[in-house]
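Here's the structure we're looking at; comments come further down.
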């Protein structure tokens, strides 16, 4: 059947050209073509995460709807000029109103509100994601050519965003920005704190009196730097910490980091743009630990070589892209004692192999500033020091512990830094086998009050390492990844070093 | 797929426009629309696209039979068969879980609860094909002879997944033959960009606020926070749904289809009765024409008819009892208004009727929002002052100030200022160049909106439409 289409009067003889049609279609088409042709990035530095990869299509993935979901994520993640667009939308959001009293509050609806009943099954989920631990920057000792140094900064693929968020898991009240300083508002729940304390008590019970057990819960910046009028927006971390300490059994010492930090709040103890404390904040906590453990702390004014990394913009900035935070900025101070130290790392899914590692990864820059401390999180990092006193300590921590651990170098011959999220073997056996003297649990108030972390402590005690089951496809994928030169060279080198060490 | 999605905006849409306009051959154009619609639907429902095809196919034949045997038993049988099949599909996929759960709760039995995932848009397209068969049966529309044209009507992606419910007779002429040209195209683009802006720039942000205040621990929610939260949901659902309708109407117009309006500034209504003449018009008129009037309308047992209609309206919105409650709530308001309340409202100054309607609607959205009835109860307590956390909170104060301009724009956006301004502008005597300037300005504004929405979408990986599950 033939249908006649009438011509619009305006279209006749090009009287009024349909320039709007052409322009609009051209804009859409041009952007579309650009989106297909542009080179696609794999990681987003701004968000510190791997971007969604391009999915492979198969009948199965199409009919399950997996392909379209994955492709949506991939396309949105790799859209041309995405970083610019995201930054632009953040700045638009910032100008949707007035910044009264120099205060801005961003909601925390997306942050999980965890309850003590939460199943302990989470860690498995975490562990099942192979990318996470491997994405550490590798050792730089063996690389000295300038080009290797350069490429290294690119290779700093980022440590686990989900876990980073988990560190601020009880962040249900959102982010408070005051005069350019970002603070996570604390919504901690005392009943989780009870689980946390009980789980620590269990270690004392298991290990007996031969191992001294300490617990140090560290307050975060919201506790000290919220303006008076807004104090009650954040639950009291002091009360939360006290309630945890009250639940510790007799053999476990609660370390009063709170009191030590409180006396120095006019110093630079917390970052403006990151949810972590600074090295200086960790120093004061270290003095409190020294008092509890019975040794004399070094003097921050005279006993360390102080270095700093400038232009640090941390997690809170990345989350908010707030202009005032960016203006204020941060630097990362780190303190090197005059004692030799060599670190070794245990990577994910290789719990019995140690590679050489660094205590201070001095090549980090920009948004990776906090990685200067131990170069991020790993299942276990061992530091052998020149302090030949035969003493050893296990520090069980999340990322807050990283800034703290180097201060222990002058006091212990062996320091074992265990990340409560990634450690894969039995911690109790580990402590017994290594003849450890002291055991310190170090957490910030948010993680101590987060079910995931609290439950993890219990799980670590007697867990048995099970190598991940690999389908043929997966192991091939892993092999192909291992073939990438950046891993291969370093690993071979390091295996050699490890043999020397034994 | 959804419209507020970068793939849709920059791959699907330009490809669709280019292929559509590449020739004037109507068969090609219809084919392009069908192919893109199927792809659009299959992107989100790769399996249940079969259901769409099934529904369209049986109702094509139902329509043919109704016309061929008009007035005879065969026509009636086709009508009954269409109703049974369509409502049966809806019943199985949408309501079977709710039904069995309710039976289990009432009788204490433990029948296995069927867990079908609801195919996207099923509530919309089954209603479209039902309306078609009924219209043909009643002789109010001619049956479509061409299967493909009928299929195009059912599957048209602009309205496929979230309405409006387009009646066959409203678009039958355009299905046969339609004009496309600059006027429609430009107006279509404008309409689309407006809808996109409503969705991405207002509804999504309002939705973030709503979930911040409504999804948390209700015992920590202040009364002011509760009002803010539910007002944000009030904004979200309006801008989301009307934005979607705008985008649908705009897209259809790009291809020469003229859909009826689905929203007409509902929040300026002065009664619940008026509100439902302005809110989701295509649904209200569906129930009016195919349920209420056939049952007897206002001639026989009107209140009973109204109750049934509102029960069904509520139930249509979702397989959960709170939606039924929400529907009956509006039913009760409408009945009260018909009984005497409208006459009272008319005697009072206008401000009272506006306040009454806004209050009634906001309370209604509380029923709509909380699928968990015990949470709803607690929320209503907080809303009316029984909050454990006090009446006011300083955090809300900061949030309000931090987002003051956006709030003002969103609230003003509920008022019919744009049509009012356009009317005034057109009443002015303007020199010739003014209309050119107008064209340029309008295009510029569309591109600005598109750019803003692109920026906002770029940072958002997950962006589902609220009305998808209805």
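The values are calculated or read from the model by the stated rules, or taken from the named source; none is laboratory data. Just so it is clear, the model here is predicted, and its values are computed rather than measured. All Cβ positions, even for glycine, are placed from backbone atoms using ideal geometry, and neighbour counts span all protein chains on display.
From the residues in region A:244-264 that are assigned to a helix (DSSP H, G or I) and crowded, with 17+ Cβ neighbours inside 10 Å, which one is farthest from the chain's Cα centre (by Cα)? Outline the logic, then answer.
Start the filter on region A:244-264 by keeping residues that are assigned to a helix (DSSP H, G or I), which leaves A:244-247, A:257-262.
Subsequent filtering for residues that are crowded, with 17+ Cβ neighbours inside 10 Å retains A:244-245, A:247, A:257-258, A:260-261.
Numbers: A:244: 24, A:245: 26, A:247: 28, A:257: 22, A:258: 22, A:260: 25, A:261: 22 Å.
Top of the filtered list is A:247.
When you scan region B:31-49, how many residues do you find that are surrounded by 20 or more Cβ atoms within 10 Å (Cβ to Cβ) and part of a helix (DSSP H, G or I)? Please lay out each step first, then the result.
First, the residues of region B:31-49 that are surrounded by 20 or more Cβ atoms within 10 Å (Cβ to Cβ): B:32-33, B:36-37, B:40-41, B:43-45, B:48-49.
Filter again for part of a helix (DSSP H, G or I), leaving B:32-33, B:36-37, B:40-41, B:43-44, B:49.
Qualifying residue count for the region: 9.
With the requirement that a residue be assigned to a helix (DSSP H, G or I) and either under 11 Å from residue B:59 (Cα atoms) or under 14 Å from the mean Cα position of the chain (by Cα) (or both), what does region B:137-156 give you? Even if it seems obvious, please write down each step before you answer.
The first filter runs over region B:137-156 and keeps only residues assigned to a helix (DSSP H, G or I), leaving B:137, B:147-155.
Result: B:147, B:150, B:151, B:154.
Go through region B:157-187 and give me each residue that's more than 14 Å from chain A (Cβ to nearest Cβ), under 22 Å from residue B:63 (Cα atoms) and at pLDDT 85 or above.
Residues satisfying the conditions are B:157, B:159, B:160, B:164, B:165, B:166, B:167, B:168, B:169, B:170, B:171.
Which number in (1) at pLDDT 90 or above; (2) on the phi > 0 side of the Ramachandran plot marks the one condition that residue A:376 misses?
(1)
Condition check ((1) at the interface with chain A (Cβ under 10 Å from one of its Cβ atoms); (2) modelled with pLDDT under 90; (3) at negative phi) across all residues:
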position: B:385; (1), (2), (3): no, yes, no
position: B:426; (1), (2), (3): no, yes, yes
position: B:441; (1), (2), (3): no, yes, yes
position: B:460; (1), (2), (3): yes, yes, yes
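Residue A:267 fails exactly one of the following numbered conditions: (1) at pLDDT 90 or above; (2) farther than 30 Å from residue A:433 by Cβ; (3) not in a loop (DSSP other than H, G, I, E, B). What is the number of that condition?
Among (1) at pLDDT 90 or above; (2) farther than 30 Å from residue A:433 by Cβ; (3) not in a loop (DSSP other than H, G, I, E, B), residue A:267 violates only (3).
Which of the residues spanning region B:17-52 are more than 20 Å from residue B:163 (Cβ to Cβ) and touching a helix residue (DSSP H, G or I) at 6+ places or on another chain (Cβ under 7 Å)?
If the condition is that a residue be more than 20 Å from residue B:163 (Cβ to Cβ) and touching a helix residue (DSSP H, G or I) at 6+ places or on another chain (Cβ under 7 Å), then B:17, B:18, B:19, B:20, B:29, B:30, B:32, B:46, B:47 are the ones that fit.
Against the definition (in contact (Cβ under 8 Å) with a residue 40 or more places away in the chain and touching a helix residue (DSSP H, G or I) at 6+ places or on another chain (Cβ under 9 Å)), how does residue B:312 come out, yes or no? Don't jump to the end; show me each part of the working.
Values: in contact (Cβ under 8 Å) with a residue 40 or more places away in the chain: no; touching a helix residue (DSSP H, G or I) at 6+ places or on another chain (Cβ under 9 Å): yes.
So residue B:312 does not fit the description; no.
Considering B:225, B:229, B:250, B:207, which residue is in a helix (DSSP H, G or I), within 12 Å of chain A (Cβ to nearest Cβ) and free of Cβ contacts under 8 Å to residues at least 60 places away in the same chain?
Numbers: B:225 fails: free of Cβ contacts under 8 Å to residues at least 60 places away in the same chain; B:250 fails: free of Cβ contacts under 8 Å to residues at least 60 places away in the same chain; B:207 fails: free of Cβ contacts under 8 Å to residues at least 60 places away in the same chain.
Just one listed residue meets the conditions, B:229.
Going through A:92, A:27, A:86 one at a time, which residue ends up being at pLDDT 80 or above, crowded, with 18+ Cβ neighbours inside 10 Å and within 30 Å of residue B:449 (Cβ to Cβ)?
Values: A:92 fails: crowded, with 18+ Cβ neighbours inside 10 Å; A:27 fails: crowded, with 18+ Cβ neighbours inside 10 Å.
Answer to the selection: A:86.
Residues to consider are A:394, A:372; find the one that is touching a helix residue (DSSP H, G or I) at 6+ places or on another chain (Cβ under 7 Å) and buried (at least 23 other Cβ atoms within 10 Å of the Cβ).
Working: A:372 fails: touching a helix residue (DSSP H, G or I) at 6+ places or on another chain (Cβ under 7 Å).
When all the criteria are applied, what remains is A:394.
Within region A:51-103, considering only helices (runs of 4 or more DSSP H) that don't extend past its boundaries, which have at least 3 residues that are at the interface with chain B (Cβ under 7 Å from one of its Cβ atoms)? Lay out the reasoning, then the answer.
Numbers: elements: A:59-63, A:66-77, A:82-94.
Output list reads A:66-77, A:82-94.
Tell me, yes or no, whether region A:371-381 has at least one residue that is in a helix (DSSP H, G or I) and closer than 25 Å to residue A:295 by Cα. If you could, list the steps in order and put the result at the bottom.
Initial filter on region A:371-381 (in a helix (DSSP H, G or I)): A:371-372.
Subset that is closer than 25 Å to residue A:295 by Cα: none.
No, region A:371-381 has no match at all.
Kindly indicate the residue of region B:30-49 that is at pLDDT 90 or above and more than 23 Å from the chain's Cα centre (by Cα) and also farthest from residue A:65 (Cα to Cα) among those meeting that condition.
Ranking the candidates gives B:30 first.
Do we find that residue B:23 is within 25 Å of residue A:67 (Cβ to Cβ), surrounded by fewer than 18 Cβ atoms within 10 Å (Cβ to Cβ) and within 13 Å of chain A (Cβ to nearest Cβ) in this structure? Working first, answer last.
Values: within 25 Å of residue A:67 (Cβ to Cβ): no; surrounded by fewer than 18 Cβ atoms within 10 Å (Cβ to Cβ): yes; within 13 Å of chain A (Cβ to nearest Cβ): yes.
For residue B:23, the condition - within 25 Å of residue A:67 (Cβ to Cβ), surrounded by fewer than 18 Cβ atoms within 10 Å (Cβ to Cβ) and within 13 Å of chain A (Cβ to nearest Cβ) - is not met.
Out of region A:259-283, which residues are out of contact with any strand residue (DSSP E or B) (no Cβ under 9 Å at 6 or more places or on another chain) and within 30 Å of residue A:367 (Cβ to Cβ)?
In the first step, residues of region A:259-283 are kept if they are out of contact with any strand residue (DSSP E or B) (no Cβ under 9 Å at 6 or more places or on another chain); the result is A:259-260, A:262-267.
Answer for region A:259-283, where residues must be out of contact with any strand residue (DSSP E or B) (no Cβ under 9 Å at 6 or more places or on another chain) and within 30 Å of residue A:367 (Cβ to Cβ): A:260, A:262, A:264, A:265, A:266, A:267.
Can you tell which of B:257, B:275 is crowded, with 22+ Cβ neighbours inside 10 Å, assigned to a loop (DSSP other than H, G, I, E, B) and at pLDDT below 95?
Values: B:275 fails: assigned to a loop (DSSP other than H, G, I, E, B).
Just one listed residue meets the conditions, B:257.
From the list A:5, A:47, exactly one residue is modelled with pLDDT under 80, crowded, with 16+ Cβ neighbours inside 10 Å and part of a loop (DSSP other than H, G, I, E, B). Which is it? If you could, list the steps in order and put the result at the bottom.
Details: A:5 fails: crowded, with 16+ Cβ neighbours inside 10 Å.
On inspection, the qualifying residue turns out to be A:47.
Within the bounds of region B:11-27, is there any residue that is free of Cβ contacts under 8 Å to residues at least 40 places away in the same chain and at positive phi?
No, region B:11-27 contains no residue that is free of Cβ contacts under 8 Å to residues at least 40 places away in the same chain and at positive phi.
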